[in-house]
């Protein structure tokens with residue numbers, strides 16, 4: 001027996017192992033800190049799996065903390081959707097949901113401590129002037145003319161900011177670090193700005209709000225986070241993270257670690273661009289099945305197991321990289337192939353009349369939804385003398401190219417049913433075949449014909465009398481360009497005009513009562529999910545999750 005190859009330890013796991021071995025930490029605490037200004041996407045899924053996964057692996061805990069320092073862009077809708085996404089992926093945070101706004105009083109007190117220590121000052125430069133004074137990567141910045149205000153003056157001005165006596169943009173609180181630092185994040189960054197907006201948690205209590213850089217590390221310290229794991233774009237901010245920890249009396253000293261973010265081709269994950277798709281009505285909402293949001297993937301029929309397996313397969317490295325979307329699709333197919341119940345849906349129907357059965361013939365064929373998965377149950381498939389098969393499964397003339405197809409004088413097996421033989425066909429005025437006349441071969445339910453003339457293949461079918469019409473939403477990639485976010489052209493110019501095609505299909509009657517979000521393999525057609533919101537027994541709606549195999553034409 002071949003031993004399963006051990007999964008390599010990533011650099012964060014190695015650090016945690018060393019910290020535990022040295023006694024630096026005995027209890028591991030991580031956190032997932034999303035901003036509630038949009039829906040989570042596949043990139044966030046990697047971070048969720050990493051942070052919650054590390055906590056599970058080392059017997060620790062992972063907090064869910066909303067970084068709600070920008071009230072103008074935050075909504076309760078996003079707060080709820082993010083919690084739903086984390087739970088749906090199979091994770092549960094420690095304790096209650098946390099918010100950075102829970103710590104606003106303490107952050108404000110720490111800001112005053114920095115002023116009293118002569119390390120923070122109120123700056124009256126306009127945003128344009130502040131940008132000019134900041135310099136750039138080639139030119140060092142220069143000190144603000146307000147940098148040397150007295151402690152008393154800064155305290156008084158900061159209190160006026162807090163009291164709402166200044167307009168937005170009139171001033172802000174900055175920390176004194178080094179305007180000549182090669183790290184732009186260290187050039188006297190702002191830690192408080194005036195924003196006269198109602199906050200979804202604190203209402204109108206505050207009109208000044210802390211910056212992310214100021215709030216992040218201090219919130220980690222309050223919560224006792226041991227390993228603060230961020231994506232790579234925050235690497236330049238780590239010296240600032242450490243500066244605040246060193247210059248404040250915090251209850252703990254967390255450390256930040258950065259890993260490469262997840263990018264997938266044929267996809268954009270910028271919240272600004274995703275919002276543009278929603279607000280421009282290019283898609284039907286944040287949970288549109290074409291979106292790379294977790295809600296969108298859920299509505300499309302992707303499973304939590306498949307997404308977690310995909311994320312676990314990715315390297316946790318110190319560099320960014322782009323993953324082929326086919327890698328994600330592999331895990332979707334792999335999970336659904338093993339676990340999705342099977343059913344039948346005819347999309348391009350062709351009537352077959354079985355002449356040696358009476359017109360009122362009916363038989364219920366009881367079959368499992370998935371072989372060897374009794375937990376998925378059984379369903380009854382009504383069999384009558386008139387059925388629909390797919391148009392492509394009948395050919396007017398036999399050829400070796402179509403040797404497994406149905407044609408006159410040849411036999412085919414109906415999935416879960418009998419063997420039938422084609423006797424002839426009928427055409428309409430345009431020469432299209434509209435009906436096949438056939439005969440049922442007796443004693444072939446579950447066994448081959450006694451005369452030894454075996455059928456050449458198996459086709460899916462539905463009874464014409466009992467089939468139910470369903471709406472099928474055929475989803476394709478939203479973008480035709482493999483790199484729509486390259487900046488070479490507007491990402492909106494890369495949209496696929498055929499990313500959604502709505503058509504009809506004829507389904508087994510049992511599918512009308514399918515529970516929303518149940519994914520089926522429509523045999524020989526693809527994987528389809530009963531829509532999370534629109535599917536019901538009166539109007540069945542199924543979304544195409546993914547084809548049975550990779551479409552090579554989409555890979556170019």
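The values are calculated or read from the model by the stated rules, or taken from the named source; none is laboratory data. Since we're looking at a predicted model, the values are computed, not measured. With ideal geometry, Cβ positions are generated from the backbone for all residues, glycine too; neighbour counts draw on all protein chains shown.
Only residues that are farther than 21 Å from residue 219 by Cβ and assigned to a helix (DSSP H, G or I) were counted in region 37-67, giving 8.
Please verify whether residue 511 is outside any loop (DSSP other than H, G, I, E, B), out of contact with any helix residue (DSSP H, G or I) (no Cβ under 9 Å at 6 or more places or on another chain) and not assigned by TED's automatic domain parsing to the domain that holds residue 381, treating the condition exactly as stated. For residue 511, the condition - outside any loop (DSSP other than H, G, I, E, B), out of contact with any helix residue (DSSP H, G or I) (no Cβ under 9 Å at 6 or more places or on another chain) and not assigned by TED's automatic domain parsing to the domain that holds residue 381 - is met.
Yes/no matrix, rows are residues, columns are (1) assigned by TED's automatic domain parsing to the domain that holds residue 357; (2) outside any loop (DSSP other than H, G, I, E, B):
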| site | (1), (2) |
| --- | --- |
| 440 | yes, yes |
| 450 | yes, no |
| 483 | no, no |
| 536 | no, no |
| 542 | no, yes |
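What is the residue count in region 531-541 for residues that are in contact with a helix residue (DSSP H, G or I) (Cβ under 8 Å, 6 or more places away or on another chain) and under 25 Å from residue 496 (Cβ atoms)? The number of residues fulfilling the criteria is 3.
Is there a residue being out of contact with any helix residue (DSSP H, G or I) (no Cβ under 9 Å at 6 or more places or on another chain), part of a loop (DSSP other than H, G, I, E, B) and free of Cβ contacts under 8 Å to residues at least 60 places away in the same chain anywhere in region 517-530? Among the residues of region 517-530, not one is out of contact with any helix residue (DSSP H, G or I) (no Cβ under 9 Å at 6 or more places or on another chain), part of a loop (DSSP other than H, G, I, E, B) and free of Cβ contacts under 8 Å to residues at least 60 places away in the same chain, which makes the answer no. Quick check, is residue 164 under 28 Å from residue 139 (Cβ atoms) and either at pLDDT 95 or above or surrounded by 16 or more Cβ atoms within 10 Å (Cβ to Cβ) (or both)? Here the answer is no, as residue 164 does not meet what is asked.
Within the set 131, 119, the sole residue that is touching a residue at least 24 places away in the same chain (Cβ under 8 Å) and surrounded by fewer than 20 Cβ atoms within 10 Å (Cβ to Cβ) turns out to be 119. Could you go through region 439-455 and let me know if any residue there is out of contact with any strand residue (DSSP E or B) (no Cβ under 6 Å at 6 or more places or on another chain), touching a residue at least 12 places away in the same chain (Cβ under 8 Å) and either surrounded by 19 or more Cβ atoms within 10 Å (Cβ to Cβ) or within 28 Å of residue 547 (Cα to Cα) (or both). Looking through region 439-455, none of the residues is out of contact with any strand residue (DSSP E or B) (no Cβ under 6 Å at 6 or more places or on another chain), touching a residue at least 12 places away in the same chain (Cβ under 8 Å) and either surrounded by 19 or more Cβ atoms within 10 Å (Cβ to Cβ) or within 28 Å of residue 547 (Cα to Cα) (or both).
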